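Enquirer: Below are the structure tokens for one structure; questions will follow.
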Amino acid sequence: MHGIRRWGPAAAALTLLAGAFQGIQASPAAAADCWRATCSGKDPIQMGCDDDAEILQQVTEADESVVVRLMWSPKCQGVWMKISRDLDTSPDYVYGTLWTTRASDGGIQEHDTTGLLSDGVAGAYTKMQNWKTTTAKACWNDVNAQYDPAPVTYIKNNNNASLPLVHGLCTDWL
């Protein structure tokens, strides 16, 4: 009887504690609100696609003033571009662009851009595209929102007018 009294309060406390934990369950991972084609043109954060986001490729300016990431969500099967910059050392004009094309050999490029990052804005991202039906690359430049610093080919008046990479930086096409 003496041993039961000594363990009685401890057993009662453990019983109460166990009862308290019965109501707590691990919540399932948040489900994404889109998948593949239904993600195209949508915000990756609002759709919950950033929860499992992975960096497919990242490029960084030599002075580390601008970093561009090509992002991918396995659960959404969406791809997007994310850009960050050092407000003290980055160029005054910074545009981020996700370039996509349907053909792996180039094809027609389409883009979604962050536009010009405003004063005091250190980062931004684009809307998503369907990873399954596109190749993609992420770029930054200091020219304008529709400027690709490393186009597959740039033809103007039937002449190859491709420019050397001088106004930005891109990931590889993936």
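Enquirer: If the Cβ limit is 8 Å and pairs must be 6+ apart or interchain, which residue in segment 41-52 that is within 15 Å of Ile83 (Cα to Cα) pairs with which residue that is of a type in the set (A, V, I, L, M, F, W, C) and open to solvent by less than 60 Å² (accessible area, probe 1.4 Å)?
Expert: Going by the 8 Å Cβ cut-off, the qualifying pairs are Asp43/Met128; Pro44/Ala53; Pro44/Met71; Pro44/Cys76; Pro44/Trp80; Pro44/Met128; Asp50/Met71.
Enquirer: Do we have Lys42 as open to solvent by 50 Å² or more (accessible area, probe 1.4 Å), part of a strand (DSSP E or B) and of a type outside the set (A, V, I, L, M, F, W, C) here?
Expert: no
Yes/no matrix, rows are residues, columns are (1) touching a strand residue (DSSP E or B) at 6+ places or on another chain (Cβ under 8 Å); (2) within 24 Å of Cys139 (Cα to Cα); (3) at pLDDT 50 or above; (4) loosely packed, with under 10 Cβ neighbours inside 10 Å:
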residue	(1), (2), (3), (4)
Leu14	no, no, no, no
Ala30	no, no, yes, no
Met47	yes, yes, yes, no
Asp63	no, yes, yes, yes
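Enquirer: Within the bounds of segment 81-96, is there any residue that is at pLDDT below 90, open to solvent by 80 Å² or more (accessible area, probe 1.4 Å) and over 12 Å from Val67 (Cα atoms)?
Expert: no
Enquirer: Here is a further query. For segment 83-102, indicate whether the set of residues that are among the aliphatic types (A, V, I, L, M) and in contact with a His (Cβ under 9 Å, 6 or more places away or on another chain) is non-empty. Quick ask: steps written out before the conclusion?
Expert: From segment 83-102, those among the aliphatic types (A, V, I, L, M) are 83, 87, 94, 98; that's our starting set.
Filter again for in contact with a His (Cβ under 9 Å, 6 or more places away or on another chain), leaving 98.
So far as segment 83-102 goes, yes, one or more of its residues are among the aliphatic types (A, V, I, L, M) and in contact with a His (Cβ under 9 Å, 6 or more places away or on another chain).
Enquirer: Ok, one more. Please find, within segment 128-148, the residue that is modelled with the lowest pLDDT out of those that are in a loop (DSSP other than H, G, I, E, B) and crowded, with 19+ Cβ neighbours inside 10 Å.
Expert: Asp148
The values are calculated or read from the model by the stated rules, or taken from the named source; none is laboratory data. Please read all numbers here as calculations on a predicted model, not as lab measurements. Because the Cβ atoms are built from the backbone with ideal geometry, glycine has one as well, and the counts that use them run over all protein chains shown. Accessible surface is based on the protein model in full, side chains and every heavy atom, while ligands, DNA and RNA are left aside. Shrake-Rupley method; radii C 1.70, N 1.55, O 1.52, S 1.80 Å.
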